[in-house]
Amino acid sequence: MLELEGIEACYGASQALYGVHFSMQAGEVVTLLGRNGMGKTTTVRTIMGMTPATAGSIVFEGEEIQQLPSHAIARLGFGLVPEGRQIFPNLTLRENLLVTAANHSGSDDPYTLDRVLSIFPRLEDRMDNLGNQLSGGEQQMLAIARALMTNPKVLILDEATEGLAPLIREEIWHGLKLLKSRSESILIIDKNLDALMKIADRHNVMEKGRVVWSGTSGELADNAHLKSRYLGV
């Protein structure tokens, strides 16, 4: 469904990605793992066209997309939950959801307001609150729900639960498990390795702008050296 091959990217004169490669199939949950500053967010930004690729190819459903602008990539069926959430602070929760509503995947059973609220029921009582009146956890749930309202073919979460209270993290992981049970295609960046290993099909470990290891949750669980060297576990 999605394949990156030899992707390089720069910020000015500073190179950030060095030949990144990984792929994901439809219905898979795939992770990008690694310590801070290793290129995970840059990889996501490059997929979304926000940081241009200077070399390599990004193929989505058989078509190269690395030269497309961000809005065109989003319309192909990518739903991004960015680091820092970036909800609209001066719109209500309801307006945040409705302003992005679309059916980019062409689903016969699309995500609607009621469907996303069934995944994150905590939001239902906050529908008329402005974005800046929500807690950090509620804003993160809203950011995920907002991406789902576009009915993406691929949902991308950058730091899915960073900085959130344990109870809120559990609610988000529960929601992501529901999405996995519905065979949604999800690319996740997060540091909660235990939670990721319960829902992800495959993992990609990044070090200094490169993917240095790829494998399943079982293979990662059995590789203590890898976790110690690259993930600080």
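Under the condition of being of a type in the set (Ser, Thr, Tyr) and in contact (Cβ under 8 Å) with a residue 24 or more places away in the chain, which residue from segment 176-233 is surrounded by the most Cβ atoms within 10 Å (Cβ to Cβ)?
For segment 176-233, the residue satisfying everything is Ser185.
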ask   = Within segment 3-24, is there a residue that is assigned to a helix (DSSP H, G or I), surrounded by 15 or more Cβ atoms within 10 Å (Cβ to Cβ) and of a type outside the set (A, V, I, L, M)?
value = no
remark   = Subset of segment 38-70, residues touching a helix residue (DSSP H, G or I) at 6+ places or on another chain (Cβ under 7 Å) and under 14 Å from Glu8 (Cβ atoms), comes to Thr51, Ala53, Ile58
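Give, as residue ranges, the helices (runs of 4 or more DSSP H) completely inside segment 65-153 that count at least 2 residues that are closer than 27 Å to Glu3 by Cβ. Can you show your working first?
Values: elements: 70-77, 93-98, 113-119, 136-148.
By residue number, 70-77, 136-148.
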request  = Look at segment 32-68 and say how many of its residues are under 13 Å from the mean Cα position of the chain (by Cα) and of a type in the set (Lys, Arg).
outcome  = 2
inquiry  = Being out of contact with any helix residue (DSSP H, G or I) (no Cβ under 9 Å at 6 or more places or on another chain) and surrounded by 19 or more Cβ atoms within 10 Å (Cβ to Cβ) is the filter here; which residues of segment 71-88 pass it?
reply    = Ala74, Gly77
task = Inspect segment 34-46 for any residue being buried (at least 19 other Cβ atoms within 10 Å of the Cβ), within 30 Å of Asn129 (Cβ to Cβ), of a type in the set (A, V, I, L, M, F, W, C) and modelled with pLDDT of 95 or more and give the result as yes or no.
result = yes
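Is it the case, given these coordinates, that Lys177 is closer than 22 Å to Glu219 by Cβ, at pLDDT below 95 and not small (Gly, Ala, Ser)?
no
The values are calculated or read from the model by the stated rules, or taken from the named source; none is laboratory data. Everything numeric here is computed off the predicted structure, so don't read it as measured data. Ideal geometry is used to build each Cβ from the backbone, glycine not excepted, and the neighbour counts take in all protein chains shown.
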